[in-house]
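In what follows, a single structure is set out as structure tokens and then discussed.
The values are calculated or read from the model by the stated rules, or taken from the named source; none is laboratory data. Predicted, not measured: the structure shown is a model, and the values here were computed from it. Please note: Cβ atoms are built from the backbone with ideal geometry, for glycine as well, and neighbour counts cover all protein chains shown.
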Amino acid sequence: MASISRIFFLLIFILSAGRTESARVFTIINNCKETIWPAITPGDGFNGGGFALKRGQSIVFKAPVGWSGRIWGRTGCNFDRNGYGQCQTGACGTSLKCKASGKTPASLAEFTLQAQDFYDVSLVDGFNLPMVITPINGTGKCGVAGCDGDLRGDCPAELAVKSNGKVVGCRSACDVFDKDEYCCRGVYGNPVTCQPTFYSKKFKDACPTAYSYAYDDPTSIFTCSAADYVVSFCSNRAQPVCTYHNHKLVCSGSKGLKSFVGGGWWALMAAFLFLINSSVIF
């Protein structure tokens, strides 16, 4: 009964909370088979920049226009009650709350929130988890960015990061070989001379709408205005996702659901089911 009461409390809170035009709602979802530890920098408005998210759970935050940052997932972590510990991939030092970027390899969701937002999923620093950004309720092209495939199962041996014999990440060729042609520097430091390589093509095949190397702009960077964003781990780009916008549960691939205020029991139940595995922080 306590958990049911909590869910209805969250529902009432959301219904009573306004959404200012200067904020974007971020919903982070774990669709992986195991617990992950999302990390955000700067993370002042995102539960301090790090937290655990169990399989099937989601959490909601707000970020103001002007926020520019990155979100990634950490795997294989073990933190003590004081928030100190280690992770197999994506670690930002030894802290649960991240104040700095994660250790490579890590799949990154990158955002710059302006009148027109810019966002992308980057594998330039390597890969550790499939990751998708879905904009909802925005205007403009607003494409779905990210990675459907799981490179851990098809990572070239020379790039593979293993733990207990299992591939847990796939490093970038720049990180491994430190050559200008892979790092897009020196004479390769421009989009004309820095071209896809064997390794970046492997990344692109698995993740067609993610950055596979530094100048992979045409198919990898997206823009949208006044959108809310769902960042989902271990999802595919066609998978429906939902968020809250002006007292409504709004889902991708739809024009939005009716307002809960007068929207009927079916809308209330939709919100109820969404909240079962969600936490909300505003």
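For this structure, a couple of remarks:
- Within the stretch 96-152, being of a type in the set (S, T, N, Q) and under 25 Å from Tyr182 (Cβ atoms) holds for Ser101, Thr104, Ser107, Ser122, Asn128.
- The lone criterion from (1) farther than 30 Å from Thr35 by Cβ; (2) small (Gly, Ala, Ser); (3) not in a loop (DSSP other than H, G, I, E, B) left unmet by Ala214 is number (3).
- Residue check, Gly149 at pLDDT below 95 and closer than 20 Å to Asp205 by Cα: yes
- Flag for Ser225 being among the small types (Gly, Ala, Ser), surrounded by fewer than 21 Cβ atoms within 10 Å (Cβ to Cβ), touching a residue at least 40 places away in the same chain (Cβ under 8 Å) and closer than 25 Å to Cys32 by Cβ: no
- Residue in the stretch 96-109 that is assigned to a strand (DSSP E or B), at pLDDT 95 or above, buried (at least 18 other Cβ atoms within 10 Å of the Cβ) and more than 14 Å from the chain's Cα centre (by Cα) present: no
- The set of residues in the stretch 51-87 being of a type outside the set (Val, Ile, Thr), assigned to a strand (DSSP E or B) and within 19 Å of Ile133 (Cβ to Cβ) consists of Leu53, Ser58, Phe61, Lys62, Ala63, Pro64, Ser68, Gly69, Arg70, Trp72, Gly73, Arg74.
- Output for the stretch 145-167, where each listed residue is among the aliphatic types (A, V, I, L, M) and closer than 20 Å to Val132 by Cβ: Ala145, Leu151
- Pair list, Cβ under 7 Å, 6 or more apart: the stretch 65-79 residue surrounded by fewer than 18 Cβ atoms within 10 Å (Cβ to Cβ), other residue of a type in the set (Ser, Thr, Tyr): Val65/Ser22; Ser68/Thr112
- Exactly one residue out of Gly43, Gly48 is touching a Lys or Arg at 6+ places or on another chain (Cβ under 8 Å), under 24 Å from Asp125 (Cα atoms), assigned to a helix (DSSP H, G or I) and in contact (Cβ under 8 Å) with a residue 24 or more places away in the chain: that is Gly48.
- Of the listed requirements (1) over 24 Å from Asp228 (Cα atoms); (2) touching a strand residue (DSSP E or B) at 6+ places or on another chain (Cβ under 6 Å); (3) among the acidic types (Asp, Glu), Asp117 misses just one: (1).
A quick yes/no check of all residues on (1) farther than 17 Å from Arg74 by Cβ; (2) surrounded by fewer than 22 Cβ atoms within 10 Å (Cβ to Cβ); (3) in contact with a strand residue (DSSP E or B) (Cβ under 6 Å, 6 or more places away or on another chain):
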site	(1), (2), (3)
Gly138	yes, yes, yes
Gly153	yes, yes, no
Val167	no, yes, yes
Val176	yes, yes, no
Glu181	yes, yes, no
Val187	yes, yes, no
Asn190	yes, yes, no
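- Scanning the stretch 228-238 for residues that are surrounded by 19 or more Cβ atoms within 10 Å (Cβ to Cβ), among the small types (Gly, Ala, Ser) and not in a strand (DSSP E or B) returns a single hit, Ser235.
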